[in-house]
Amino acid sequence: MCKKFATDIDTLKKEVRVNYYRSTGPGGRKKDTAETAVRLRHIPSGIVVIATEHRSQAWNRKLAFERLQKKLIELNKGKRSRIPTKKSLAAKLKILEEKKKTGLEEEA
């Protein structure tokens, strides 16, 4: 079973390394000169999340923490076990026909 990660914001702030950099795209002079893009690296899990949508660093930081929180919640859920399905009648009949053909070929 995989390790469970904390998902509350206060704990995440302690476990995350934050990088700020200049984002690209539309947004005018403010976005071009200020380092508004945010990259979060969650050290325990290795997940990296970025947010560059807004011209405000605070908004991008909040958005990045929300994305990280969602990813960790998904990671904590784990994988569900597969439920085996029944073979259809047509599939069973096809397998039987193939067995009959191979059985006849081996006898000849």
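The values are calculated or read from the model by the stated rules, or taken from the named source; none is laboratory data. Owing to the predicted nature of the structure, the values given are computational and were not obtained by experimental measurement. Counting neighbours? That spans all protein chains shown, and the Cβs are built from the backbone with ideal geometry, glycine included.
Observations on the structure shown:
- Strands (runs of 3 or more DSSP E) enclosed by the stretch 1-87 - at least 3 residues per element that are of a type in the set (A, V, I, L, M, F, W, C): 37-42, 48-51
- Only one of Leu63, Leu68 that is within 16 Å of Leu40 (Cα to Cα) and in contact with a helix residue (DSSP H, G or I) (Cβ under 8 Å, 6 or more places away or on another chain): Leu68
- Scanning the stretch 88-108 for residues that are of a type in the set (Gly, Ala, Ser) and assigned to a helix (DSSP H, G or I) yields Ala90, Ala91, Gly103.
- Residue match in the stretch 75-86 (condition: over 23 Å from Glu15 (Cβ atoms), out of contact with any Phe, Trp or Tyr (no Cβ under 9 Å at 6 or more places or on another chain), modelled with pLDDT under 90 and surrounded by 11 or more Cβ atoms within 10 Å (Cβ to Cβ)): no
- Tally, over the stretch 62-108, of residues that are hydrophobic (A, V, I, L, M, F, W, C) and over 38 Å from the mean Cα position of the chain (by Cα): 5
- Filtered by the rule that a residue be in contact with a strand residue (DSSP E or B) (Cβ under 9 Å, 6 or more places away or on another chain), buried (at least 18 other Cβ atoms within 10 Å of the Cβ) and under 17 Å from Pro26 (Cβ atoms), the stretch 43-62 gives Ala51, Thr52, Asn60.
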